[in-house]
Amino acid sequence: MRHFCYSEEGAQAGCEPLTVKRALGDVPVANVSLATHQQVALQSLGYSLVEDKKCDLEISPAAWFDSKELASFVSDEEAGQIVDEQGGVLAHYKKRGKKICKTKISFLIRFSWDFLRANELAIAAMTQWENHGTCHSSLYVEGRLSVGRGTKILPGVVVEGDVVIGDNCKVGPNCYLRGSTTVGSHCHVGQAVELKNSILFSHTNVGHLSYIGDSILGEKVNLGAGTITSNLRHDGKTHRSAVAGSLVDTGRRKFGAVIGDRVHTGIHTSIYPGRKIWPGLTTLPGDIVTQDLQQ
């Protein structure tokens, strides 16, 4: 049996506020933790996880692997490292040669918005799409839909794209879910809510009259009625987002907000593109979030 272990590097500041209260590997991608995605990919290639660093292969906790690229790297006996397009090391062998394999799809998650890219890739790669919930006959699906156990889909729900919904959720009435969207377990997505290409962690509520586009919402978030995320610049350029006091180009033409755990927004809160709200913070009714809200 071959073994792999994790390198000791931790999450960078760019992954906040999602990693303020959790390890990077615990962030869900298509309702499965990043660490689980990594471990399943490596286990399929005959590797088991060890903790004592007595391993053949060391991987970054921030690595997002394309399964085919990972398999090609593992099978190449001369390959010592696999790196992404920016030169970041996703994995390396301790006793192999110095050959470097460059990826086209795999990458390091450096910033919170990189999870949107990972979520899109994970959903696109899914092969099992099952409905274990209770769906009203008016449900319209143009794409693929996975529904967890105990979840109820109420009248007037439209799905356009590939959408994954967890267990014990309530969705609808009159919701529009599109793009590559993931809804965790025990969530409520209510009347006249539109979710587009977004990630909702478990136990989060977007109750009514909201638009959430290209955004990430942490656990136990509650959005007041009419909370709106903006995700498109008027000039059509890619968004920049503040990280450690500097503006970083996200490379994304559409990018909304990253909202930490237990955030509550007041009714009619408007959030500028690329803004982040740290865990546990609140907004007042009618607030306009023009800058990151940090603790």
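Brief remarks follow.
- Checked against (1) over 23 Å from Arg22 (Cα atoms); (2) without any contact (Cβ under 8 Å) to a residue 60 or more places away in the chain, Val263 meets all criteria but (1).
- A residue that is at negative phi and in contact with a His (Cβ under 7 Å, 6 or more places away or on another chain) occurs somewhere in the range 25-39.
- Inside the range 145-170, residues that are buried (at least 17 other Cβ atoms within 10 Å of the Cβ), in a loop (DSSP other than H, G, I, E, B) and charged (D, E, K, R) make up a count of 1.
- Residue identified as over 21 Å from Arg252 (Cβ atoms), small (Gly, Ala, Ser) and assigned by TED's automatic domain parsing to the domain that holds Lys220 among Ser138, Ser180: Ser138
- Verdict on Lys196 being charged (D, E, K, R) and either free of Cβ contacts under 8 Å to residues at least 24 places away in the same chain or within 14 Å of Leu116 (Cβ to Cβ) (or both): yes
- Selection of the range 44-84 for residues being among the polar types (S, T, N, Q) and in contact with a strand residue (DSSP E or B) (Cβ under 8 Å, 6 or more places away or on another chain) yields Ser48, Ser60, Ser72, Gln81.
- Criterion: more than 20 Å from Ser180 (Cβ to Cβ), in the same structural domain as Thr151 (by TED's automatic domain parsing) and of a type outside the set (Lys, Arg) - qualifying residue of Ile228, Ile212: Ile228
- Check on Asp214, among the acidic types (Asp, Glu), surrounded by fewer than 19 Cβ atoms within 10 Å (Cβ to Cβ) and over 17 Å from Pro173 (Cβ atoms): no
- Unique residue being closer than 22 Å to Ser180 by Cα and modelled with pLDDT under 95 when the list is Arg252, Arg275, Arg233: Arg233
- Among (1) in contact (Cβ under 8 Å) with a residue 24 or more places away in the chain; (2) buried (at least 22 other Cβ atoms within 10 Å of the Cβ); (3) over 16 Å from the mean Cα position of the chain (by Cα); (4) within 22 Å of Gln191 (Cα to Cα), the one test that His136 misses: (2)
- Scanning the range 221-250 for residues that are touching a helix residue (DSSP H, G or I) at 6+ places or on another chain (Cβ under 9 Å) and not in a loop (DSSP other than H, G, I, E, B), we see that the one that is surrounded by the fewest Cβ atoms within 10 Å (Cβ to Cβ) is Val248.
- Taking strands (runs of 3 or more DSSP E) as the structural unit, those lying wholly within the range 78-142 and holding at least 1 residues that are among the charged types (D, E, K, R) correspond to 99-102.
- Selection count where residues are crowded, with 18+ Cβ neighbours inside 10 Å and either out of contact with any strand residue (DSSP E or B) (no Cβ under 7 Å at 6 or more places or on another chain) or charged (D, E, K, R) (or both), scope the range 100-112: 1
- Answer from Pro285, Pro279 - the residue that is surrounded by fewer than 19 Cβ atoms within 10 Å (Cβ to Cβ), touching a residue at least 60 places away in the same chain (Cβ under 8 Å) and either in a loop (DSSP other than H, G, I, E, B) or of a type in the set (Phe, Trp, Tyr) (or both): Pro285
Residues are listed down the side, and each one gets a yes or a no for (1) more than 24 Å from Phe115 (Cα to Cα); (2) assigned to a loop (DSSP other than H, G, I, E, B); (3) touching a helix residue (DSSP H, G or I) at 6+ places or on another chain (Cβ under 6 Å); (4) without any contact (Cβ under 8 Å) to a residue 24 or more places away in the chain:
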| residue | (1), (2), (3), (4) |
| --- | --- |
| Pro17 | no, yes, no, no |
| His37 | no, no, no, no |
| Lys53 | yes, yes, no, no |
| Glu58 | no, no, no, no |
| Ser72 | no, no, no, no |
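- Scanning the range 171-220 for residues that are small (Gly, Ala, Ser) and in a loop (DSSP other than H, G, I, E, B) returns Gly172, Gly184, Ser185, Ala192, Ser198, Ser202, Ser210, Ser215, Gly218.
The values are calculated or read from the model by the stated rules, or taken from the named source; none is laboratory data. Values in this document were obtained by computation on a predicted structure and should not be read as measured data. When we count neighbours, we look across all protein chains shown, and the Cβ atoms used for this are built from the backbone with ideal geometry, even at glycine.
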